[in-house]
Each structure stands twice: as C-alpha cells, then as structure tokens.
1. Specify, per residue and in Å³, the volume enclosed by the convex hull of the alpha carbon atoms belonging to the stretch A:318-404.
2. Hey, if you drop one equal point scatterer on each alpha-carbon of the stretch A:270-319 and run the Debye formula without solvent, what base-10 log of I(q)/I(0) do you get at q = 0.31 Å⁻¹?
3. Whose amide H sits under 5 Å from the amide H of A:ARG453, counting only residues 5 or more places off or on another chain, with H placed in the peptide plane?
4. Starting from one equal scatterer on each C-alpha and no solvent at all, send me the Debye-based log10 I(q)/I(0) for the stretch A:390-489 at q = 0.10, 0.13, 0.25 Å⁻¹, two decimals.
5. Collect residues whose amide H, placed 1.01 Å from N in the peptide plane, falls under 5 Å from the amide H of A:VAL68; neighbours closer than 5 in sequence don't count.
6. Within 13 Å, Cβ to Cβ, of A:LEU433, how many net charges do the neighbouring residues add up to if Lys/Arg are +1 and Asp/Glu are -1?
7. Give, rounded to the nearest 20 debye, the magnitude of the charge dipole that the stretch A:387-479 has about its Cα centre when Lys and Arg contribute +1 at Cβ and Asp and Glu contribute -1 at Cβ.
8. Given all pairs of different Cα atoms, what value in angstroms does the Kirkwood hydrodynamic radius of the stretch B:1-40 take?
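Every read-out reported here was derived from the displayed coordinates using simple, explicitly stated rules and does not represent laboratory data. These numbers come from a predicted model, not from an experiment. Every residue, glycine as well, gets a Cβ built from its backbone with ideal geometry; the counts of neighbours run over all protein chains shown.
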Amino acid sequence: MAEFRMPSLGADMDAGKLLEWYVKPGDAVQRGDIVALVDTDKAAIEVEIFEGGVIDELLVRPGQTVPVGTPLAHVRSGATGEAAAAAPAEEVTPEEARATKAAPEEAAPEQVAPPPAPAAAQAPLAVVPPHATPAARAQGREVGIDLSDLRGTGRHGVITREDVIAASKPRAQEAPETAPAAPPPVPVPPIPAPGGERLRITPRARRLARELGVDPAGVTGTGPDGAITGGDVQKASAPPAPPMPKPTSTPTASTEAVASTHAKPSDERYAAMRRAIAAAMAKSKREIPHYYLGHHIDMEAALTWLEERNLERSLPERILPATLLFRATALAVAEVPEMNGFFLDGRFEPRDAVHMGIGISLRQGGLIAPAILDAQDKGLSALMTSVRDLVGRTRTLQLRSSEMSEATITVTALGDQGVETVFGVIYPPQVALVGFGTVAQRPWAKNGMVGARRVVHVTLSADHRASDGHTGARFLAAIDGRLQHPEEL
Amino acid sequence: MTEQEIRDAIMSSLHSVAPEIELDEIDPAKPIGPQMDVDSIDFLNVLMSIHEQTGVDIPERDYPKVQTVDDTVAYIAARAS
C-alpha cells in the first residue's frame, strides 16, 4: 500500500489546500494521471500521481489545508491480478482495472465500441478512445454517459468529471444575451438539450467561483468557445468595477493600484504570493552564499541564423531568440553539471535531467518559475513549443505539480523589459540561476575593429557551497560557445 | 470572413492569452503590447491563435504591421480568403 502525499510544489510551499479530488476510492490510476487540485499560495495546481494503482482511501477532504508530506490517499499498487481482485466489487471489477491499467487512454469497457463486425466497421470515431480523467470515466459509468460523445474541456481536450456531469444534466443555462452577468437567483428552467450542454470553465474560474460563492452554471462565459473565465466569475459576483488606470510596469507599482484591478485573482492571493516569494527569497539570501559572474555574448551569429531560419517557417514553427538562450543553457549544463541539481542536507546532489525553471512574471503581479522537464532532450522546436505552452499556462494559472516541484536550475530572461543585466536570487534548493538581459546593439570590438553588434549580458548567480567561480566561468563560456554555433543548437 | 468576424477572432485570441484583461478597455487604435503587458511569447501565442482562426500566417517582417487591433484587422482582411 503506497501513500500519496501532499507534494512540495516549490521551496516556498509549506502547506497546500486540497481543493478537489478527481478520483474516488476504487478508481484505477496511471502514473502521471491528474488526481487532485491543490491550492498553493501562488496558484491552483493540478497534481499528478507518481505511481499507478487503485485508489484505496482518501484521507484528506476538499477544503482541508495540510502540511507538505501529509498522506492524502492510500493507493494499492498494481491494479492487475490479486490487488485488483481484492478491490470492492461494487467499485471496480478486475476487468475494469485491468482494462484501464493495460490501456491508459481507453475508456472503461462499456464505453468502448464493441469489436466491429466485419460489415459494421464504419465507426472510425468509436475506435479512437476518448482521453478522460479517471474521475470522468467513473462518472461516465455511473450516469451511463458515453464519453466518446463528449468534447473534453480539460487540458489537451481531456474529458473531465465536470464535462461528464454537465453532459448528464439538462441544459442548465440559456441566459438571454442581454442579461447581466449576475447569477440568476432561481435556476433557469431546464431546456432539453439533445447534445448536452457542457460547462466550459477554466481552473481559475472554478476556484474563484468557489471562493466568491458564484454558481458557474449561471455565469455567461466570454472565453474561447464560451468558456467561463475568472473575469466572468468576478463580474458575476460583483457589479463591474470602474475602469482602473493600469498599474505601471515598474515593480514599485503601489500595492493598492495592483490589488484593485479586477485582473487580480484576489487581494489575499496576491498577498499570499508575495509572502511565498518573500519566504523563498529570504531563505535563499539567508542560507545560500551567492557568487555572481557576468559575461557579454555576441549574438549576431545566432540571431542572423535564426532570422533566416524563421523566414521560411510558418508561425507554429517560428522560434523566439529566448529559446536559443534556453537551449544553449541546457546544453551548457551538460558540460558543467555542477550547476544542475539541489543542495540538500548539507551537500550538493547533482541531477542528470535538466528540468529548467523559467521565471515567468504574471500580469497580475508576482512570479512563478515552473519547469520545462527534461529540457536537455528537447531540440529547438520542441523547446519552443514547451516554452510557449508553459508561459501560456502559467499566465492562465493552469500548472501541474511536476512542473512546480522539479526545477533543477532556473533561467530568467527579462529582455522584454529592456534591462541589460539580471542580478538573480537562487531559488532553493537549486544552486544556480542564469539571467539574460535584453539583446541589444552595442559597440563591439572584433578583429581590431569596433562595430555595432547585437549583444546580450548573461549573468550567473551560483551557490558557493556547490561550486566556485572558476566552474561558473566555464559554464558561462559554454553558453557563449553554444551560441556561436547556432546551427548545432 | 467579414471584418467583424476578423475582429472577433482577434479579440478572442487576446482573451485566450490574457483572460484577465478587459477587452472593452483596449483601445483598438493603440499598440496592444503596452496596453496588455504582453511579452514576446504572449504575442506569438496571440498570432498563433489568430492564424488558427483565420488561416492567415503573419511573417516576422510584418510584425510592425500588426501592433494595434485595427491594423491587425486590416492586415488579416487583406489576406483572409
């Protein structure tokens, strides 16, 4: 019997609040399945399970806040054979457990189309199993909904429990266009809906709805495909706020100005995020003996190569200069592994995999540094896709636990703001932070001549307990070296 | 596509990247970036979403022509089938 514990979703997290279970006892889960939604000071995070099995018992109720490491659920390992046979029969049959275990992407048996008879094999959709969360599959079984009829509103179109619930309900809301966004006091009379109305709602909106006591079913979504967004929920909970002057982009923007904009999840959340950042950074400054190195890199070769490359590429294949910097850093880590890993229990533990934390500022204020997992294995295109995906999800607060907990080194690129140099603070328990400033034209001497070339200032903040300046200098030189041969990136 | 459809596609693209921004407050004649605090990655995500909805690709050299909502509508309208 394994224990599924409250994960540490970053050095600044002491405790987490369980918001929602996506599984119940008897559900078979695969490694990597999203099983719960946990609120931290920064964001609600979808938590993945790291061991497959069958959920035996949920130990923490939604709404409870527990310290990191607290067991959240008991998981029986090995959903096949004896373990599954021992499962309560009314919750999961061995066949179901085996089917789910053997084919993670497949729906439960009754949702899978019967083996096509030779003459009736013309249902191509039915053979593509719907991708659904365990909870969605269970809910589908419960209410007799065929998941293959549903369109998932989860990430990557995954069918969530909400989708199934929404599909099983009569159309709950058909608000007239002109109605204000306030939730109707009385449920709208159900209107038969042959296709089933699915509630499309972002995780942030769901959380806000809970916090503000708004029934999402009564909110008109303004997001893509009518999805309910956090803003919709906030509007529904209060009369529209008067337009506020946009806070200035300086970090010293007054707290009141920042806090009063409706763009902010909530005042408390912002305050909590500031406290979390403060705690992590204070710990860093208190415990980590930082040393700092800076190095100017001639970016002309890399950028010229990139511009030519992008010229012939369509939008989805285009690469931003920042991705070149990330890629060069990931490759340089392989040359200088002393920069990658954790300082724990008085010693440095290097890591082979480069889980590259990317410092991402939130428009509402605050900062999150989720990781691109296994960045060392991602070529430029794959890395670009990951960066775009990660930035998009961070700014809409849809992150996963593995991205929050596993960064082995952090890179921050503040180039868009026009700063030349980043003086970074290491994110514990990591041992290095790489900072890139703006890539800009500077006078640059080359071959005895001064000319205008595009240059970036890269800095390294590193932990003197894990490495010395000489090693750090090799690391920055390795980044430089990689950027002089962009075709090899 | 009608001009209104293009405008809607652009607004929904902006919304998907920055759901917390009130679209009503965006001045269509002014550059989007400073109004929404979008960085280069957000900007690329907006262009990708517009591309998905309208089928129009915007090459890098034309980025200066798609800095405001109005300009982007005109740009897409001239190229959308």
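1. Numbers: hull volume 9.1 nm³, N = 87.
For the stretch A:318-404, the hull spanned by Cα atoms encloses 105 Å³ per residue.
2. The computed values of log10 I(q)/I(0) come out as -1.09.
3. A:ARG442, A:TRP444
4. -0.38, -0.62, -1.34
5. Those qualifying (amide H under 5 Å, at least 5 residues apart or on another chain) are A:ALA15, A:GLY16.
6. The answer is 0.
7. Details: 10 positive and 7 negative charges, 71 e Å.
My answer is approximately 340 debye.
8. 10.7 Å
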